[in-house]
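This report concerns only the one structure given below.
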């Protein structure tokens, strides 16, 4: 009867168990949602320009101050339609176009909005 030496085989057993335990499962890991950016420009002309600037409000929640002639870029925005309002326009100034404005954010892209204001 031939005997098989178990000692050499047992030496590899921890390696096999360790390798099996090192498998990484990716089924529970979620990628972050896609995002895009928005470039907002305010362009103000005329006399008696509103010196304290404006407030840009996105989706009726987050508000950011904007100077009378400025370009700002908002990043990390969720993909989809968003509402953008330019608030704080002085009474002697007129904003051309609609307010609020609807903008579509596309993944890995930068959408653009320009608010043109004329002051008298």
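Looking at region 30-120, what strands (runs of 3 or more DSSP E) fall wholly within it and have at least 1 residues that are free of Cβ contacts under 8 Å to residues at least 60 places away in the same chain and buried (at least 16 other Cβ atoms within 10 Å of the Cβ)?
54-58, 62-66, 70-78, 80-87, 93-96
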| Members of region 29-53 found to be touching a strand residue (DSSP E or B) at 6+ places or on another chain (Cβ under 6 Å) and within 22 Å of residue 104 (Cα to Cα), listed by number | 35, 36, 37, 38, 39, 40, 41, 42, 43
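One line per residue, one yes/no per condition, for (1) farther than 16 Å from residue 41 by Cα; (2) more than 18 Å from the chain's Cα centre (by Cα):
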{"position": "72", "(1), (2)": "no, no"}
{"position": "81", "(1), (2)": "yes, no"}
{"position": "110", "(1), (2)": "no, no"}
{"position": "114", "(1), (2)": "no, yes"}
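Read-outs throughout are calculated quantities, based only on the coordinates presented, and are distinct from any laboratory measurement. Keep in mind the model is a prediction, meaning the values are calculated, not measured. Ideal geometry is used to build each Cβ from the backbone, glycine not excepted, and the neighbour counts take in all protein chains shown.
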